[in-house]
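What follows is a single structure, written as structure tokens, with notes after it.
The values are calculated or read from the model by the stated rules, or taken from the named source; none is laboratory data. On a predicted model such as this, the values are computed, not experimentally measured, just so you know. Note: ideal-geometry Cβ built from the backbone for every residue, glycine included; neighbour counts use all protein chains shown.
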Amino acid sequence: MPELPEVETVRRGLEPVLDGHVLADVVQRRPDLRWPLPERFAERLTGRRVMRLRRRSKWILIDLEAGAEVPETWMVHLGMSGKMLIDGAETADLHHDRATPQKHDHVVVTTDAGARITYNDARRFGAMDLWPTATLSEHPQLATLGPEPLGNDFNAAVLEVAFAGRMTPVKAALLDQKTVAGLGNIYVCETLFRSGIHPTRMAGSISAKRVAVLAREIVATLGEAIEAGGSSLRDYRKADGELGYFQHAFKVYDREEKPCVTGDCVGEIRRIVQSGRSTFYCPKCQR
DNA sequence: CTCAGCTCCTGCGGGC
DNA sequence: TGCCCGCAGGAGCTGA
């Protein structure tokens, strides 16, 4: 499910319950997610204080105070179906209640303030790791990532260089986390639509001017989605304690055969499959 | 090296 | 109602 905006929303939702708090109790309910969890995972998290929550691409990075060892970072990737659910002392009004674990609840953390954070992941494409904070950028999953689209290292020129010579559809190039980090299937479709670029166009063949539009739309689209996530976060307690899922109106994603939303466009959204994944686009607006 | 296709896993919705 | 199929927001691996 989650792409960069959803992951950022989850990070922001976790912040008030985790930041500055001690992980008083950690329960690991199976040995692996996508990969085996690190040795003595629960034991190594237990008793450590959270110093900061960061995000890199689709990874949530939870910096921990040094325990018996050096400062380490608890890394969390939600994969396709990973969810973070919060309940406990401060959310006793929730009908959502994890007192007894439910199906696919894999990791359960209780803080010193009595908040309970449950990681639930049906498809188990998610991942967790524990890595020294000082060398985090060398972690195998982080080392190859491209620039953070909402960071200072991303702009039109950078995207142009990344596209240069790429004889692959721009859709695939944008899904490649080495090009830009954090985009997934939905936001690639949306940004290409907003940029008027056809998804099958070869990345290396797009003019500098149009790459600049694309870079700008990537930043704008992600920013707006995070904003939408933030507003949903403010009343997530009314829902079910599940972080990161929010209503967002997509212009093309999952709108096959629906009318194009562009003002005077009479076209309808089309769905094609590119490298095994659905692409949605307007054949009239995107060239 | 680059790229397309397959793969992991479970759940859900549509068609019959 | 139940069964079967295709599909799902990620991304690593394989082999051409």
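Quick check: is even one residue across the stretch A:116-127 touching a Gly at 6+ places or on another chain (Cβ under 7 Å), outside any loop (DSSP other than H, G, I, E, B) and more than 16 Å from DNA strand C (Cβ to nearest atom)? Checked against the condition, which is being touching a Gly at 6+ places or on another chain (Cβ under 7 Å), outside any loop (DSSP other than H, G, I, E, B) and more than 16 Å from DNA strand C (Cβ to nearest atom), the stretch A:116-127 yields at least one hit.
When restricted to residues that are surrounded by 12 or more Cβ atoms within 10 Å (Cβ to Cβ) and closer than 22 Å to A:Ile226 by Cα, the stretch A:245-278 contains 10.
Considering (1) in contact (Cβ under 8 Å) with a residue 40 or more places away in the chain; (2) part of a helix (DSSP H, G or I), the lone condition that A:Leu183 does not fulfil carries the number (2).
Matching residues to (1) outside the structural domain of A:Lys58 (by TED's automatic domain parsing); (2) within 16 Å of DNA strand B (Cβ to nearest atom); (3) of a type in the set (A, V, I, L, M, F, W, C):
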{"position": "A:Thr179", "(1), (2), (3)": "yes, yes, no"}
{"position": "A:Arg194", "(1), (2), (3)": "yes, no, no"}
{"position": "A:Gly204", "(1), (2), (3)": "yes, yes, no"}
{"position": "A:Ala208", "(1), (2), (3)": "yes, no, yes"}
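Within the bounds of the stretch A:155-171, is there any residue that is buried (at least 18 other Cβ atoms within 10 Å of the Cβ), under 19 Å from the mean Cα position of the chain (by Cα) and either in contact (Cβ under 8 Å) with a residue 60 or more places away in the chain or away from DNA strand C (no atom under 16 Å from the Cβ) (or both)? Yes, that holds for at least one residue.
Pairs linking a residue in the stretch A:261-276 that is in contact (Cβ under 8 Å) with a residue 40 or more places away in the chain to a residue that is hydroxyl-bearing (Ser, Thr, Tyr) and more than 16 Å from DNA strand B (Cβ to nearest atom), with Cβ atoms under 9 Å and 6 or more positions apart or on different chains, are A:Ile272/A:Tyr281.
Under the condition of being basic (Lys, Arg), without any contact (Cβ under 8 Å) to a residue 60 or more places away in the chain, surrounded by 17 or more Cβ atoms within 10 Å (Cβ to Cβ) and not in a loop (DSSP other than H, G, I, E, B), the residues counted in the stretch A:7-62 number 3. Any residue at all in the stretch A:157-170 that is more than 16 Å from DNA strand B (Cβ to nearest atom) and not acidic (Asp, Glu)? For the stretch A:157-170, residues more than 16 Å from DNA strand B (Cβ to nearest atom) and not acidic (Asp, Glu): present. Within the stretch A:196-226, if we keep just the residues that are within 15 Å of DNA strand C (Cβ to nearest atom) and not small (Gly, Ala, Ser), the residue that is surrounded by the most Cβ atoms within 10 Å (Cβ to Cβ) turns out to be A:Ile218.
Count of the stretch A:2-37 residues, restricted to those that are within 16 Å of DNA strand C (Cβ to nearest atom) and in contact with a Leu (Cβ under 7 Å, 6 or more places away or on another chain), is 10.
When A:Ala173, A:Ala157 are checked against the criterion of being at pLDDT 95 or above, small (Gly, Ala, Ser) and in contact with a Ser or Thr (Cβ under 9 Å, 6 or more places away or on another chain), A:Ala173 stands alone in meeting it.
Here A:Thr91 fulfils each of the conditions (1) in contact with a helix residue (DSSP H, G or I) (Cβ under 9 Å, 6 or more places away or on another chain); (2) at pLDDT 90 or above; (3) farther than 18 Å from A:Leu130 by Cα apart from (2).
Name every residue in the stretch A:197-243 that is among the basic types (Lys, Arg) and either touching a strand residue (DSSP E or B) at 6+ places or on another chain (Cβ under 8 Å) or at pLDDT below 70 (or both), in order of residue number.
From the stretch A:197-243, those among the basic types (Lys, Arg) are A:201, A:209-210, A:216, A:234, A:237-238; that's our starting set.
A:Arg201, A:Arg234, A:Arg237, A:Lys238 - these are the residues of the stretch A:197-243 that are among the basic types (Lys, Arg) and either touching a strand residue (DSSP E or B) at 6+ places or on another chain (Cβ under 8 Å) or at pLDDT below 70 (or both).
Can you find, within the stretch A:110-128, the residue that is farthest from DNA strand B (Cβ to nearest atom) among those that are crowded, with 20+ Cβ neighbours inside 10 Å and among the charged types (D, E, K, R)? Per the stated criteria, the residue is A:Arg116.
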